[in-house]
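Undergrad: Submitted below is the structure of interest, expressed as structure tokens.
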Amino acid sequence: MINKRIRRLRNSLGFGVQSPNDFYFVQHVLREKLPYYAYDALRQLMDTPIGLPCYPETINRLLFRLANHIQPHTIIEIGTGAGFSACAMTMGSTASECITIDKEWSQELLEQRDIRLANHPQIKAKNGDELELFKHTLLSKGRVDLLHIAHTPYYKEAVELALPYIGNSALFIIEDINQDEEKQRWWEGLQERIETGICYDLKSIGLLFFDKARHPNSYWINLRK
């Protein structure tokens, strides 16, 4: 436990990241402080909350940078919430198709959310039985390049269902990995899985890259420099 804490402290300060690719990713994607062209539009989008779950602006900015970095062909999100995260990811990768899935909310909340999503034609929103819609979406698309497991209790099921549809360049983004002890244990176990490559614990979210050519590694990163 002591060694693990020391390793995490070192990684949180940027030390211990030995791979040049990983170091670049930490410094110029995860911790990038320069303004991007879409930040103003994203802030305006979030000015009027609509009563559905959503991330703070800092996390939505991070989602934008992640999508901008990997430029995925297909984005699938389960747990749409207010829809800001889907907008952020498609702002970062305008050539991507994004399918976002959520449970049924009140008609009023869905209408308010969908007004915002309508300004992003790459996004297709589905509401209903989350797991059934997720299964159908995976089957119909045949691949997922960027999976965002957001405001949903079905994080375990979503990962298992998605694994057969990934390639070496896939990225999973998982919301609130330190939500409780059960989710923490699940996250720790997931990092030991043979399918996973480079893992990042960002405290509020977790990232899993699946490049099997890379030596598996796990980092705890403090996003504040």
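The values are calculated or read from the model by the stated rules, or taken from the named source; none is laboratory data. Since we're looking at a predicted model, the values are computed, not measured. All Cβ positions, glycine included, derive from the backbone under ideal geometry; neighbour counts span all protein chains shown.
Undergrad: Can you pull out the strands (runs of 3 or more DSSP E) entirely within the range 55-134 that have at least 1 residues that are under 13 Å from the mean Cα position of the chain (by Cα)? Reasoning before the result, please.
TA: Details: elements: 74-78, 97-102, 123-127.
Here the list reads 74-78, 97-102.
Undergrad: Would you confirm whether or not the range 108-130 contains a residue that is at pLDDT 95 or above, surrounded by fewer than 16 Cβ atoms within 10 Å (Cβ to Cβ) and of a type in the set (S, T, N, Q)?
TA: no
Undergrad: Name the residues in the range 182-217 that are hydroxyl-bearing (Ser, Thr, Tyr), within 14 Å of Leu171 (Cα to Cα) and at pLDDT 85 or above, would you?
TA: Tyr200
Undergrad: Okay, moving on. When you scan the range 130-149, do you find a residue that is of a type in the set (A, V, I, L, M) and farther than 24 Å from Thr196 by Cα, even just one?
TA: yes
Undergrad: Name the residue, out of Ile75, Ile115, that is free of Cβ contacts under 8 Å to residues at least 12 places away in the same chain and of a type outside the set (D, E, K, R).
TA: Ile115
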